[in-house]
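Structure record follows, encoded as structure tokens.
FYI, it's all coordinate maths here, none of it is from the lab. Bear in mind that the values here come from a model prediction, so they are computed numbers and not experimental data. Every residue, glycine as well, gets a Cβ built from its backbone with ideal geometry; the counts of neighbours run over all protein chains shown.
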Ligand code: VGL
Ligand code: ZN
């Protein structure tokens, strides 16, 4: 059983709860809007709360349109395989804005990621070249965080990569399963849970962190 008493040393990371990942968005995650009330409740239970925002340049390398390809194909970029997506979360556009019902006034930092035109970043810690840090690990360490609790979109991409990199950076990591939703592209969700389990990422539910 996962130890879920939250307090000193804990941070909640709310991943990519943005219009383009929700109903009507450019890369809508099935039932993505359902995470909003869950993360709103969770946020009130943590002393440190960080939001992430997928934040791409126009013509970004992760966009199928930038390569004359079809969305959801995988191609090889300089840093390795890259799934190609519909244009989404273009910096400054309404699709990149946080969901209007996201109500987390206590959040203290917004980490934008994927803003280098040639490099994607599912992870909130390290970009897809696996060498360019976002600065989040340093921020969390300076705030004495030891354990991160992660919720948001999408379970099998940005949530999973963030959880795996949290472990690599030396943090304990818990994914709040019912406060996440997945894209599930060709088995990606099952693979993500396998990888997370192998890396020591734990899973929990919202109720473990919030009292009735
Ligand atoms: C995401 C695909 C592309 C995510 C971001 O937030 O999981 N997925 N960009
Ligand atoms: Zn993206």
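Summary table
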item	result
Quotient of Cα Rg and 2.2 N^0.38 Å for region 143-212, N being how many residues it contains	1.07
Region 88-160 pair-distance distribution - Cα-Cα, 5 Å bins, rounded %	3, 12, 21, 26, 23, 11, 3
Largest-first principal axis extents, alpha carbons of region 1-103, Å	48, 29, 24
Per principal axis, descending, Cα span of region 154-195 in whole Å	30, 19, 14
Two-decimal Rg/Rh across region 36-76, once Rg and the Kirkwood Rh are taken from alpha-carbon atoms	1.25
Debye log10 I(q)/I(0) for the chain, one point scatterer per Cα, at q = 0.08, 0.12, 0.18, 0.19 Å⁻¹	-0.24, -0.55, -1.33, -1.49
Sites residue 41 and residue 131 - FRET efficiency at Förster radius 35 Å, r taken between beta-carbons, to 0.05	0.45
Ascending count of other beta-carbon atoms within 10 Å, so fewest first, for 207, 121, 78, 188	78, 207, 188, 121
Value in Å of the Kirkwood radius, where region 52-133 supplies the Cα pairs that are averaged	13.4
Residues 14, 119, 110, sorted so that the one with the fewest Cβ neighbours within 10 Å comes first	110, 119, 14
Model label zone, residue 115; criterion: amide N under 15 Å from point 7 Å along Cα-to-beta-carbon; scope region 38-66	51-58
Burial ordering of 103, 54, 10, fewest other beta-carbon atoms within 10 Å first	103, 10, 54
Cut-off 18 Å (backbone N to label point 7 Å along Cα→Cβ of residue 186), residues of region 65-100	65, 67-86
The chain: most fluctuating residue of 95, 24, 114 per GNM, C-alpha cutoff 10 Å	24
Between region 110-167 and region 4-51, the alpha-carbon center distance in angstrom	14
Whole-number D in µm² s⁻¹ for region 74-199, Kirkwood Cα-pair radius fed into Stokes-Einstein, 25 °C, 0.890 mPa s	157
